[in-house]
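The values are calculated or read from the model by the stated rules, or taken from the named source; none is laboratory data. Quantities reported herein were computed from a predicted structural model and do not represent experimental measurements. Counting neighbours? That spans all protein chains shown, and the Cβs are built from the backbone with ideal geometry, glycine included.
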Amino acid sequence: MNTSILVLVLLIIAVVLIIALRRSAARQPEEGLKICKTTGGLCCGGGEACIHKNLERASEPITYFDDEELDRFAGRDAGSYGKEEVGEFGYILDTLPAEETQAWLSSLSRRSITPPREILQRASARLSTTVH
């Protein structure tokens with residue numbers, strides 16, 4: 001009987017710890033992703049080079065990077081993309097000169113397109129290694 005009670009107590013403690021750890025992990029932001037103070041949406045994590053810092057140029061025409069097909073993703077959440085859709089963004093990012101990454105992200109933002117999380121992380125890594 002005492003063994004059964006001890007096992008039950010240990011099981012309850014384990015469940016409580018698992019729940020607490022999951023809640024703690026859910027509250028921590030993903031590496032490389034930040035909430036933009038300007039828009040409230042996901043930001044590239046570029047710090048001073050954040051894509052939204054250049055939005056004051058909103059009256060200028062939007063520059064496209066041979067990526068007009070991405071306009072269909074306007075308003076989508078960064079976590080809602082399928083593998084093929086992520087691949088579309090990845091192809092454009094991979095073929096884009098590194099020094100144009102900031103301008104491309106700004107273009108997407110001005111078109112209300114939030115890239116998939118993986119692409120934001122890759123672009124953020126590119127920005128951190130690109131000299132501005």
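For segment 104-130: of the residues being over 21 Å from residue 76 (Cβ atoms) and hydrophobic (A, V, I, L, M, F, W, C), which is surrounded by the fewest Cβ atoms within 10 Å (Cβ to Cβ)?
Taking the candidates together, the pick is 125.
Go through segment 81-114 residue by residue and tally those that are out of contact with any strand residue (DSSP E or B) (no Cβ under 8 Å at 6 or more places or on another chain), not in a helix (DSSP H, G or I) and not aromatic (Phe, Trp, Tyr).
Going through segment 81-114 one residue at a time, the tally reaches 6.
Please specify each residue of segment 49-74 satisfying the condition of being at pLDDT below 90, of a type in the set (A, V, I, L, M, F, W, C) and either under 21 Å from residue 116 (Cβ atoms) or surrounded by 11 or more Cβ atoms within 10 Å (Cβ to Cβ) (or both).
49, 50, 51, 55, 62
Condition first: assigned to a helix (DSSP H, G or I), aliphatic (A, V, I, L, M) and modelled with pLDDT under 70. Now tell me which residues in segment 1-25 satisfy that.
20, 21, 25
Determine which single condition residue 30 fails, assuming it passes every other condition in (1) at pLDDT 55 or above; (2) under 20 Å from residue 117 (Cβ atoms); (3) not in a helix (DSSP H, G or I).
In the conditions (1) at pLDDT 55 or above; (2) under 20 Å from residue 117 (Cβ atoms); (3) not in a helix (DSSP H, G or I), residue 30 misses (1) alone.
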